[in-house]
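This report concerns only the one structure given below.
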Amino acid sequence: MNAIKTSGLDHTYADGTIALSGVDFEADTGEKVAVLGPNGSGKTTLFYHFNGLIRPTGGEIKVFGEDICEKNIDEVRRRVGIVFQYPDSQLFAPTVFEDIAFGPKNLGLAHQDIKERVSYVMQRFDIEGLARKNPANLSEGQKKKAAIAGVVAMEPDVLVLDEPTSGLDAAGVTDTMEILDELNGEGKTIIISTHDSDLAAAWADRVYILNKGKVIRSGHPRHIFADERLVSDAGLKYPVVIQTFREFHARGISKGEVPLSVLDFMDSVGMEVMSIRCAIAGCDISAGDEVCLEMNDGMLVAGKDPSGVAGKAVFGGRKGEDIAVKDVSGDLHALAGSITVIRVPGVMEGGSRAVNLEKVSSIINGQVQKIGAMGTSAKVLMNRTGLKCDFEFDVIQSGILAALRGFNVTIFASGGMADRAIEKVKERKIKFSCFEL
Ligand SMILES: Nc1ncnc2c1ncn2[C@@H]1O[C@H](COP(=O)(O)OP(=O)(O)OP(=O)(O)O)[C@@H](O)[C@H]1O
Ligand SMILES: [Mg+2]
């Protein structure tokens, strides 16, 4: 079912500016949609239509199958929450707490329910420390988080976020996208606008490209970004991973569909053409020596011990130098490490407070080389245990890549995030186990 659908939507502002012209847009229930387009292309104007902030001057918009009218406008605003591009247009209460509580209050919730909801979203966004601050005194990134938290607190079915990551630091971007993923996992439809093609390519189920008020293309990011001309005509930047793929593809090293992540890219590299490998010499090696390849500290190392995958040195080198190895027989995948997913109770189930720390150390027991934490509960748990976290961003992909480089990886995650991690890891030939805390 369509959560939002526009047909031939036009919007001309009072001063005669044609901001949208014949826009057909749809977002299905539970979909993640990204709208890309240069400045002034009409993204914000389009989003304002989604909960009736402005009305079309032509064409139509339907929200969950219904036209927006006076009778249902309150219901539409309850179901479709908008986070504005500039948080200053959203934050107005004297404290962050009251700001986030404003929406739930308006929904007529009881005092205790409001308090619980606000505390929950503040925990989720890791902004509990800002509760008593005046929003006007927050940093730009903090304002952005508070504005998003305020809309999340209303628990709408559709979250519309106008450039949610602009002004956020790298951790803020990842946290925000992770929360949006989590909300999407709970069934919510998420629509964002962004100038970040890398982010849109990796995140969205469907991408729209707007230019001068018109949709110039929509579809799966793989199809959108496969069209070089389209991307440059729309004034967009190419995702780095796709740019790299193009260069590898042109030289006959990569094959297949356009990759949307580093992991996809690694899969595109035709291993069969890589019969010669570069490796670090683990000891002095001469041309023609029989060697064995192993993963050591994340690098392919050639040594003389008869373990690992066999090959023959094309040219040699002293210990520590790069050498080339041919006739690599056997599966380099066998050199991969393992992944362990540890389920942490979510915030609603008591979070890290509900965890017995001894159990964590008994599972970890010295085998782990890399640790990743996804979501608030897992990150709080890391602080409590004093364990050092190697990946806090893009944890699933980083974990799989590290395992492919021979590391034993443990990923702490809660709820839907743990399920997603397990699903992704199982798609790979990697040793895998799972524990519950
Ligand atoms: N209230 C308004 N009155 C007149 N023109 C407007 C108004 N708001 C926006 N516009 C114009 O409508 C067009 C689309 O603007 P909009 O803000 O929707 O673009 P955008 O894609 O969100 O841009 P950005 O990436 O800069 O946020 C622009 O030409 C803008 O000048
Ligand atoms: Mg805008």
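The values are calculated or read from the model by the stated rules, or taken from the named source; none is laboratory data. Keep in mind that what you see is a predicted model, and the values were worked out from it rather than measured. For neighbour counting, all protein chains shown are included, and Cβ atoms are generated from backbone atoms with ideal geometry for every residue, glycine included.
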| said: Out of S193, S261, S197, I need the residue that is within 16 Å of ligand 2 (Cβ to nearest atom) and under 26 Å from K145 (Cβ atoms). Which one? | reply: S193
| query | With respect to the numbered conditions (1) within 15 Å of ligand 1 (Cβ to nearest atom); (2) surrounded by 20 or more Cβ atoms within 10 Å (Cβ to Cβ); (3) assigned to a helix (DSSP H, G or I), which one is the sole condition not fulfilled by I191? | reply | (3)
| request: Just need a number here: residues in the range 80-102 that are among the aliphatic types (A, V, I, L, M), crowded, with 17+ Cβ neighbours inside 10 Å and over 23 Å from the mean Cα position of the chain (by Cα). | output: 4
| query | Considering the range 101-128 alone, what residues qualify as being part of a helix (DSSP H, G or I), of a type in the set (A, V, I, L, M) and out of contact with any Phe, Trp or Tyr (no Cβ under 9 Å at 6 or more places or on another chain)? | reply | A101, I114, V121
| field | Matching residues in the range 399-437 - criterion: being in a helix (DSSP H, G or I), aliphatic (A, V, I, L, M) and within 22 Å of L183 (Cα to Cα) | value | M417, A418, A421, I422, V425
| request: State yes or no: is I73 surrounded by 17 or more Cβ atoms within 10 Å (Cβ to Cβ), more than 16 Å from ligand 2 (Cβ to nearest atom) and assigned by TED's automatic domain parsing to the domain that holds L20? | output: no
| said: If I ask for residues that are part of a strand (DSSP E or B), among the small types (G, A, S) and over 17 Å from P38 (Cβ atoms), which ones from the range 201-231 would you list? | reply: G219
| Which residue pairs have Cβ atoms closer than 7 Å, lie 6 or more positions apart in sequence or on different chains, and pair a first residue in the range 37-54 that is among the hydroxyl-bearing types (S, T, Y) with a second residue that is within 6 Å of ligand 1 (Cβ to nearest atom)? | T44/Q85; T45/A19
| said: So, in the range 192-215, exactly how many residues are under 21 Å from S7 (Cβ atoms) and out of contact with any helix residue (DSSP H, G or I) (no Cβ under 7 Å at 6 or more places or on another chain)? | reply: 8
| Within the range 103-121, tally of residues that are surrounded by fewer than 19 Cβ atoms within 10 Å (Cβ to Cβ) and either among the hydrophobic types (A, V, I, L, M, F, W, C) or over 15 Å from P156 (Cα atoms) (or both) | 10
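Residue-wise test of (1) under 23 Å from N211 (Cβ atoms); (2) acidic (D, E); (3) within 13 Å of ligand 2 (Cβ to nearest atom); (4) part of a strand (DSSP E or B).
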residue: G30; (1), (2), (3), (4): no, no, no, no
residue: V35; (1), (2), (3), (4): yes, no, yes, yes
residue: P38; (1), (2), (3), (4): yes, no, yes, no
residue: S41; (1), (2), (3), (4): yes, no, yes, no
residue: L46; (1), (2), (3), (4): yes, no, yes, no
residue: G52; (1), (2), (3), (4): no, no, no, no
residue: P56; (1), (2), (3), (4): yes, no, no, no
residue: I61; (1), (2), (3), (4): yes, no, no, yes
residue: C69; (1), (2), (3), (4): no, no, no, no
| Restricting attention to the range 24-44, and to residues there that are surrounded by fewer than 23 Cβ atoms within 10 Å (Cβ to Cβ) and of a type in the set (S, T, Y), which single residue is nearest to ligand 1 (Cβ to nearest atom)? | T44
